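K.L.:
Just dropping this structure here.
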Amino acid sequence: MEDPEEDPELGLFLDAEFSGEAEPMLGATVSPSLTKTLGRRCRKQQLKQHYFSQVRFSYMRMKYLFISWLAVFIGSWIIYVQYSTYTELCRGHDCKKIIFFLETIFPFVFQCDKYKTGVIDGSACSSLCAKETLYFGKCLSTKPNNQMYLGIWGNLQGVIKCQMEETIHLDLGTEPEPRKEIVLFDKPTRGTTVQKFKEMVYGLLKRKVGEQGNLSELVNLILSVADGNKDGRVSLPEAKSAWALLQLNEFLLMVILQDKEHTPKLMGFCGDLYVMERVEYTSLYGISLPWILELFIPSSFRRSMDQWFTPSWPRKAKIAIGLLEFVEDIFHGPYGNFLMCDTSAKNLGYNDKYDLKMVDMRKIVPEINLKELIKDRHCESDLDCVYGTDCRTLCDQSKMKCTTEIIQPNLAKVCQLLKDYLLCGAPSEIREELEKQLYSCIALKVTANQMEMEHSLILNNLKTLLWKKISHTNDS
């Protein structure tokens with residue numbers, strides 16, 4: 001068989017083809033050997049093309065298989081992390097086991113053991129256990145130790161709260177101890193009279209808020225709240241629920257400030273689980289993003305982005321005025337001074353009328369109570385003398401103990417929070433004065449001479465400046 005590369009006829013044909021001279025040879029006779037050679041060459045070319053197409057197809061298939069596997073792996077990991085996060089954040093069954101005997105988790109079906117056996121009672125127990133008109137809705141928890149659920153109570157919506165963290169039991173004649181075990185509802189005991197229970201509550205409140213001239217009025221107020229069925233008397237199960245709830249700062253503050261505009265209303269309770277008014281907007285500013293996106297957003301850009309998702313400036317001013325009014329409510333009020341130990345924007349919200357509403361008040365504590373908690377804490381530096389995120393004292397290096405004097409008042413911490421919030425988009429005619437007042441407010445110290453007078457002056461000046469600017473608008 002002749003080599004096609006050495007075949008003169010083939011060479012002639014190809015030379016003619018590439019030189020453009022093939023046309024004159026169309027009438028020429030092609031030998032059979034040339035036809036066979038061309039056929040073999042064509043088949044070789046087809047085989048090569050088929051081989052390379054197969055290789056390319058295999059490569060593409062492997063690439064798509066790998067990408068599909070990677071997508072499934074990442075998706076499974078995200079689902080696992082989300083599920084783990086959900087099960088950690090949303091532990092409604094742990095809340096309910098105090099009151100309920102858990103039968104199933106999905107759906108939530110519970111037998112109200114503590115209520116039905118007469119251990120506890122409260123204004124929400126009947127709806128929760130007997131009538132079944134109050135049930136747990138969407139999980140709203142952002143921290144594992146603060147269980148929150150949307151509560152559907154007939155035609156009303158509220159927020160069901162259950163505290164999972166260590167709280168402080170202040171029993172008469174004992175030192176404060178963290179509560180690490182499940183609430184046993186063992187106080188008051190059977191045989192306790194109403195008068196004795198009043199004395200127990202009085203002693204507890206005295207240790208929490210100090211000796212106040214109108215402490216007896218607060219005791220009566222708490223007993224009226226504890227009377228869940230409003231029959232004019234407090235039963236033993238109701239007293240046990242009330243005693244457990246009084247260990248929680250947020251519950252105590254809701255009772256004390258129940259008539260104040262910026263405190264969510266207490267809707268009901270059962271055991272140490274309570275239902276409060278739902279706040280429509282649950283953050284002062286910003287937008288909630290999936291956690292996977294939060295990982296890739298720089299904190300500086302995140303702060304700027306938060307300012308994009310805020311109400312108009314007049315509405316922000318109205319919300320800020322509400323926050324300043326809340327600071328007034330808890331500053332040396334009728335039952336002492338309360339300290340804001342976590343002034344995060346996530347703990348503040350507002351309704352559809354842009355009236356400020358507190359969302360989370362767990363870290364608002366009585367000043368006297370906080371001093372008791374921190375006075376004997378061992379420290380090596382000032383960093384060891386912090387409660388929550390914002391309540392700081394100094395470390396006495398000679399005694400290696402924390403002092404009890406809080407460094408920064410509530411107003412200074414609130415002004416720090418409001419600085420960027422109010423200055424962003426502020427009208428040019430008041431911006432300079434607003435900035436000046438905010439920085440004066442931030443510089444306010446508890447140890448300053450005549451602090452209370454400065455506190456009132458700065459607060460009133462800020463409110464007046466903001467109110468004058470928005471009083472003529474529809475947002476006021």
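Readers should treat all values here as calculations from the given coordinates under stated rules, not as data from a laboratory. Predicted model, so just to flag it, every value in this text is computed and none were measured. So basically every Cβ, Gly included, is an ideal-geometry build from the backbone, and we count neighbours across all protein chains shown.
K.L.:
Quickly rank 386-393, 347-354 as a protection proxy: mean count of other C-beta atoms within 10 Å, highest first. It would help to have the intermediate numbers written out before the result.
P.N.:
Details: 386-393: 19.0, 347-354: 17.4.
Packing proxy ranking, top to bottom: 386-393, 347-354.
K.L.:
What ³J(HN,Hα) values, in whole Hz, does the Karplus curve 6.51 cos²θ - 1.76 cosθ + 1.60 give for the stretch 202-213 when θ = phi - 60°, with x put for Gly and Pro?
P.N.:
4, x, 5, 5, 4, 6, 7, 10, x, 7, 10, x
K.L.:
What FRET efficiency comes out for the pair Asp355/Ile67, r = Cβ-Cβ distance, R0 = 45 Å, nearest 0.05?
P.N.:
On the way: r = 51 Å, r/R0 = 1.14.
It comes out at approximately 0.30.
K.L.:
From the C-alpha gyration tensor of the stretch 321-470, pull out the three semi-axes of the equivalent ellipsoid (sqrt of 5λ each), sorted largest to smallest, in whole Å.
P.N.:
Details: eigenvalues 174, 57, 39 Å².
Three semi-axes, in Å: 29, 17, 14.
K.L.:
Around Thr193, under 13 Å between beta carbons, what's the net of Lys plus Arg minus Asp minus Glu among the other residues?
P.N.:
On the way: positive: Arg190, Lys196, Lys198, Arg233; negative: Glu199.
Within the 13 Å Cβ shell, the charges total +3.
K.L.:
Quickly rank 313-324, 400-411 as a protection proxy: mean count of other C-beta atoms within 10 Å, highest first. Don't jump to the answer; show the numbers that get you there.
P.N.:
Numbers: 313-324: 21.9, 400-411: 19.3.
Highest mean packing first, the order is 313-324, 400-411.
K.L.:
Moving on to the next point. For a quick check: with amide H placed at 1.01 Å from N, whose amide H comes under 5 Å from Gln157's, ignoring anything fewer than 5 positions away on the same chain?
P.N.:
HN-HN under 5 Å from Gln157: empty list.
K.L.:
Follow-up. When all C-alpha to C-alpha distances in the stretch 239-278 are sorted into bins of 5 Å, what percent of pairs does each bin hold, rounded to whole numbers?
P.N.:
6, 26, 36, 22, 9, 2
K.L.:
Using θ = phi - 60° and the Karplus form 6.51 cos²θ - 1.76 cosθ + 1.60, what ³J(HN,Hα) does each residue of the stretch 248-262 get, whole Hz, x for Gly and Pro?
P.N.:
Ordered by residue, 3J(HN,Hα) equals 9, 4, 5, 5, 4, 5, 5, 5, 5, 9, 5, 9, 8, 5, 9 Hz.
K.L.:
For q values of 0.10, 0.17 Å⁻¹, compute log₁₀ I(q)/I(0) with the Debye formula on a Cα-only model of the stretch 220-362, without solvent.
P.N.:
-0.44, -0.99
K.L.:
Could you pull out the pairs from Lys138/Lys161; Lys161/Lys240; Lys316/Lys353; Lys445/Lys469; Lys265/Lys346; Lys161/Lys198 whose alpha carbons sit more than 22 Å apart here? Walk me through the numbers before you get to the answer.
P.N.:
On the way: Lys138/Lys161 12 Å; Lys161/Lys240 18 Å; Lys316/Lys353 11 Å; Lys445/Lys469 28 Å; Lys265/Lys346 19 Å; Lys161/Lys198 26 Å.
Beyond 22 Å between Cα atoms: Lys445/Lys469; Lys161/Lys198.
K.L.:
Students often forget the sequence filter, so: which lysines lie under 22 Å Cα-Cα from Lys399 once same-chain residues fewer than 8 apart are removed?
P.N.:
Within reach: Lys371, Lys375.
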